[in-house]
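Undergrad: Dropping the structure in here first, questions after.
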Amino acid sequence: MSRVPILSEELIEEICERIAEGQSVRDICKDPEMPDRSTLRNWHIGSKPIHRHWQKCYAIAREEQADLYADSIIEIADLADEDNANAIKVRVDARKWVASKLRPKVYGTSTSIELNGSVQLSAEADLSRYSDEELKLIADIQRRAANRSTLGAGNGSGSRPRQIAESVGDRSGDEVLEEDCTQVTEATEG
């Protein structure tokens, strides 16, 4: 029989408190007074205000649980002696791993670098293999592409869009670009 208690502030508080104290969700769901795992999953994806409150409280409880695990590592490690060193290492490593998954920014091992500002990239091509005629065609294509991108930039009342439209004539931008590519191909092949 499925247990589906009504989601309330009190229930959220109790579940989250138990999580923050280190109890697993699996163990909490075994309690007959608590919801089962499928109910919790539904609360995780729900969109009602009470679901959003649950999601927020649950996330905070998991962070507190990670802190609890991290704090317990020293106490557990201090219990190590010659006889139980391997068992203690397993317990410490398990808590470190879980803490790193629950709060990766605090306990994770990956490093990230945050950059502020702008980055400017440039590329240089070896143009020495092209003839003067081919270079002129390439420059013409670049000019036309730049003009084509500014065609729609204005409000239509300026003279620049009109000049571009007149230079292109009745041809579409794709036709002009295709013609330019054909000219470069013919020039490089010939």
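The values are calculated or read from the model by the stated rules, or taken from the named source; none is laboratory data. Keep in mind it's a predicted model, so treat the numbers as computed, not measured. Neighbour counts are summed over all protein chains in view; Cβ atoms, including those assigned to glycine, are modelled from backbone coordinates with ideal geometry.
Per-residue answers, yes or no, for (1) at pLDDT 85 or above; (2) among the hydrophobic types (A, V, I, L, M, F, W, C); (3) in the same structural domain as ALA61 (by TED's automatic domain parsing):
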residue	(1), (2), (3)
ARG91	yes, no, yes
SER112	no, no, no
LEU115	no, yes, no
LEU121	no, yes, no
ALA125	no, yes, no
THR150	no, no, no
ALA153	no, yes, no
GLY158	no, no, no
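Undergrad: Here's a follow-up. Do we find a residue being in a helix (DSSP H, G or I) and in contact with a His (Cβ under 9 Å, 6 or more places away or on another chain) anywhere in segment 102-120?
TA: Quick first cut of segment 102-120, residues in a helix (DSSP H, G or I) only: 102, 104-107.
Checking the rest, the ones that are also in contact with a His (Cβ under 9 Å, 6 or more places away or on another chain) come to none.
No, there is no match, as no residue in segment 102-120 is in a helix (DSSP H, G or I) and in contact with a His (Cβ under 9 Å, 6 or more places away or on another chain).
Undergrad: All but one of (1) in a loop (DSSP other than H, G, I, E, B); (2) touching a residue at least 24 places away in the same chain (Cβ under 8 Å) hold for ASP67; which doesn't?
TA: Of everything listed in (1) in a loop (DSSP other than H, G, I, E, B); (2) touching a residue at least 24 places away in the same chain (Cβ under 8 Å), ASP67 misses just condition (1).
Undergrad: Now a separate question. Counting only residues that are loosely packed, with under 13 Cβ neighbours inside 10 Å and over 28 Å from ILE73 (Cβ atoms), how many does segment 6-36 have?
TA: We begin by selecting, within segment 6-36, every residue loosely packed, with under 13 Cβ neighbours inside 10 Å; these are 6, 8-10, 13, 21, 24, 26-27, 30, 32-33.
Then drop every residue that is not over 28 Å from ILE73 (Cβ atoms), which leaves 6, 8-10, 32-33.
Result for segment 6-36: 6.
Undergrad: Picking from SER128, SER110, which residue would you name as being under 30 Å from ARG62 (Cα atoms) and surrounded by fewer than 11 Cβ atoms within 10 Å (Cβ to Cβ)? Quick ask: steps written out before the conclusion?
TA: Details: SER128 fails: under 30 Å from ARG62 (Cα atoms).
From the options SER128, SER110, the qualifying one is SER110.
Undergrad: Residues of segment 79-114 being in contact (Cβ under 8 Å) with a residue 12 or more places away in the chain and more than 32 Å from the chain's Cα centre (by Cα), which ones?
TA: Hit for segment 79-114 is ILE88, nothing else.
Undergrad: Confirm whether ALA87 is closer than 20 Å to ILE19 by Cβ, modelled with pLDDT of 90 or more and either assigned by TED's automatic domain parsing to the domain that holds ALA20 or assigned to a helix (DSSP H, G or I) (or both). So that I can check it myself, show each step before the final result.
TA: On the way: closer than 20 Å to ILE19 by Cβ: no; modelled with pLDDT of 90 or more: yes; either assigned by TED's automatic domain parsing to the domain that holds ALA20 or assigned to a helix (DSSP H, G or I) (or both): yes.
Here the answer is no, as ALA87 does not meet what is asked.
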